[in-house]
Amino acid sequence: MTTARKISVAALTVGLVAGLAACAPAGSSGGSGGGDDASGTDCNVGISMPTRSLERWINDGEGLKEKLEGDDCTVDLQYADNKTDQQISQIQNQVAGGAKILVVAAIDGQTLGPVLEDAATQDVTVIAYDRLINGTEAVDYYATFDNYKVGQLQGQYIEEQLGLKDGEKGPFTMEPFAGSPDDNNAGFFFAGAWDVLQPYVESGALVVPSGKAPADDDAWKSIGILGWGSDDAQAEMDNRLQSFYTGGEKVDVVLSPNDSLALGIEASLDAAGYQAGTDWPIITGQDADVANVKAILADQQSMTVWKDTRELGTQVQAMVKAIVAGDEVETNDTETYDNGVKVVPAYLLDPVVVTKDDVQETLVDSGFVDASDVGL
């Protein structure tokens, strides 16, 4: 990637910013301990996760809680059932309960400003976890994966599998999907993929029979699936198949930004009579959820982009340690993540493509999934 990218509340401009190594000054499930040092910042942490309905958020929350309790921190972990009002109330309760550091994976990155600004008046430090929090000064750090690269890897996989670069293959039918319109990351995922794929749509090598091909990166919300719901993705895919593939046409590839949408899409294809190994399309994904790893092994999903959330937890753990000690907090990107009010210092981790051939070595051998859980 060679172009610059920056996201704001109003617009998404895509490309790659070279990571700049930089440091910025540090600003109910119970727990243990409650360490502090000469800086006077208690290791009392509130973790706010969006939902238990997706496997990854359960893993993220429980994993981070375990790491921080191992550092003798007091930890309050809450899940908000994808309800913004509930997340706001939980954050208020965590601050009232003495949390001095908040780790927040926002349901809606636009709505948390007031509650976090109230927390800031009580000297609470906020780390945005995986999803950027927009429209407020009261977010101190951002820990995430390179989300533009996630989409780019999905787009490049489709490009390579269809042999599009040589300019002689096609046309292929494609149906693109995007993530939840209220999730800041979904714009990055789509932009990374669409920057690879849109030129082939314009040339005619990729054809979108449904017409649901956004004109540019900024129009991604027009095909977004609210809440990342598998059932909603299935219903949308059902509609497209029943409306635009009625004359024997087959879909060749589906751009799915994550695994939960991929599951719904796969269920739709199965119900429509598609068969793995014969006419099953290329399907992308993200997160390496167990159900999707099984689908990959069964040739019902082509790939997933794996973000080792254990590494993300370790990075957040290091941030918390630095804040508690009054040390500088390590970041490696101070240009990309403009939340409309400020550029939030961020630490980016690299995602990894996983295909059927990689499951054992990448996911099982690393301990991310158990072999028995995926049928190995």
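The values are calculated or read from the model by the stated rules, or taken from the named source; none is laboratory data. All of these numbers come straight from a predicted model, not from anything done at the bench. Positions of Cβ are generated from backbone atoms using ideal geometry, with glycine treated the same way; all protein chains shown enter the neighbour counts.
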Open item on the list: assigned to a helix (DSSP H, G or I) and under 16 Å from residue 174 (Cα atoms): is that true of residue 241 in this structure?
Closed with: yes
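Any idea which of 165, 149 is in contact with a helix residue (DSSP H, G or I) (Cβ under 9 Å, 6 or more places away or on another chain), modelled with pLDDT under 95 and not in a loop (DSSP other than H, G, I, E, B)? Walk me through it before giving the result.
Details: 149 fails: modelled with pLDDT under 95.
Being in contact with a helix residue (DSSP H, G or I) (Cβ under 9 Å, 6 or more places away or on another chain), modelled with pLDDT under 95 and not in a loop (DSSP other than H, G, I, E, B) holds for just one of 165, 149, which is 165.
Suppose we filter the range 71-97 for residues that are aliphatic (A, V, I, L, M) and under 22 Å from the mean Cα position of the chain (by Cα); how many remain? Outline the logic, then answer.
At the first step, the residues of the range 71-97 found to be aliphatic (A, V, I, L, M) are 75, 77, 80, 88, 91, 95-96.
Then drop every residue that is not under 22 Å from the mean Cα position of the chain (by Cα), which leaves 77, 80, 88, 91.
Residues in the range 71-97 being aliphatic (A, V, I, L, M) and under 22 Å from the mean Cα position of the chain (by Cα): 4 in total.
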- [ ] Give the number of residues within the range 45-70 that are buried (at least 16 other Cβ atoms within 10 Å of the Cβ), more than 18 Å from the chain's Cα centre (by Cα) and assigned to a helix (DSSP H, G or I).
- [x] 4
Task: Search result, residues across the range 74-86 that are touching a helix residue (DSSP H, G or I) at 6+ places or on another chain (Cβ under 7 Å) and outside any strand (DSSP E or B) - done: 80, 82
Open item on the list: Report every pair of residues separated by at least 6 positions or lying on different chains whose Cβ atoms are under 9 Å apart, first residue within the range 359-374 and closer than 14 Å to residue 311 by Cα, second part of a helix (DSSP H, G or I) and among the basic types (Lys, Arg).
Closed with: 366/310; 367/310; 368/310
Open item on the list: Out of everything in the range 129-146 that is assigned to a strand (DSSP E or B) and among the hydrophobic types (A, V, I, L, M, F, W, C), what residue ends up being modelled with the highest pLDDT?
Closed with: 143
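Matching residues to (1) among the basic types (Lys, Arg); (2) surrounded by fewer than 17 Cβ atoms within 10 Å (Cβ to Cβ); (3) more than 24 Å from residue 75 (Cα to Cα):
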site: 272; (1), (2), (3): no, yes, yes
site: 281; (1), (2), (3): no, no, yes
site: 298; (1), (2), (3): no, yes, yes
site: 305; (1), (2), (3): no, no, yes
site: 328; (1), (2), (3): no, yes, no
site: 351; (1), (2), (3): no, no, yes
site: 364; (1), (2), (3): no, no, yes
site: 369; (1), (2), (3): no, no, yes
site: 374; (1), (2), (3): no, no, yes
TODO: Consider residue 95 carefully, then state whether it is assigned to a helix (DSSP H, G or I) and either crowded, with 16+ Cβ neighbours inside 10 Å or modelled with pLDDT of 95 or more (or both).
DONE: yes
Task: For residue 170: the one exception among (1) modelled with pLDDT of 95 or more; (2) part of a loop (DSSP other than H, G, I, E, B); (3) not acidic (Asp, Glu) - done: (1)
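Select from the range 330-349 the residues that are β-branched (Val, Ile, Thr) and surrounded by fewer than 18 Cβ atoms within 10 Å (Cβ to Cβ) and write down the one among them that is farthest from residue 188 (Cα to Cα). Before the answer, list the steps.
Kept after step one, since they are β-branched (Val, Ile, Thr), are these residues of the range 330-349: 331, 334, 336, 341, 343-344.
Then drop every residue that is not surrounded by fewer than 18 Cβ atoms within 10 Å (Cβ to Cβ), which leaves 334, 341, 343.
Numbers: 334: 17, 341: 19, 343: 16 Å.
So, considering only residues that are β-branched (Val, Ile, Thr) and surrounded by fewer than 18 Cβ atoms within 10 Å (Cβ to Cβ), the one farthest from residue 188 (Cα to Cα) is 341.
Can you tell me how many residues within the range 218-261 are in contact with an Asp or Glu (Cβ under 6 Å, 6 or more places away or on another chain), over 18 Å from residue 108 (Cα atoms) and hydrophobic (A, V, I, L, M, F, W, C)?
First pass over the range 218-261, keeping only residues in contact with an Asp or Glu (Cβ under 6 Å, 6 or more places away or on another chain): 225, 240, 250-251, 254, 258-259.
Those still in the list that are over 18 Å from residue 108 (Cα atoms) too: 240, 250-251, 254, 259.
Checking the rest, the ones that are also hydrophobic (A, V, I, L, M, F, W, C) come to 251, 254.
Residues meeting the conditions: 2.
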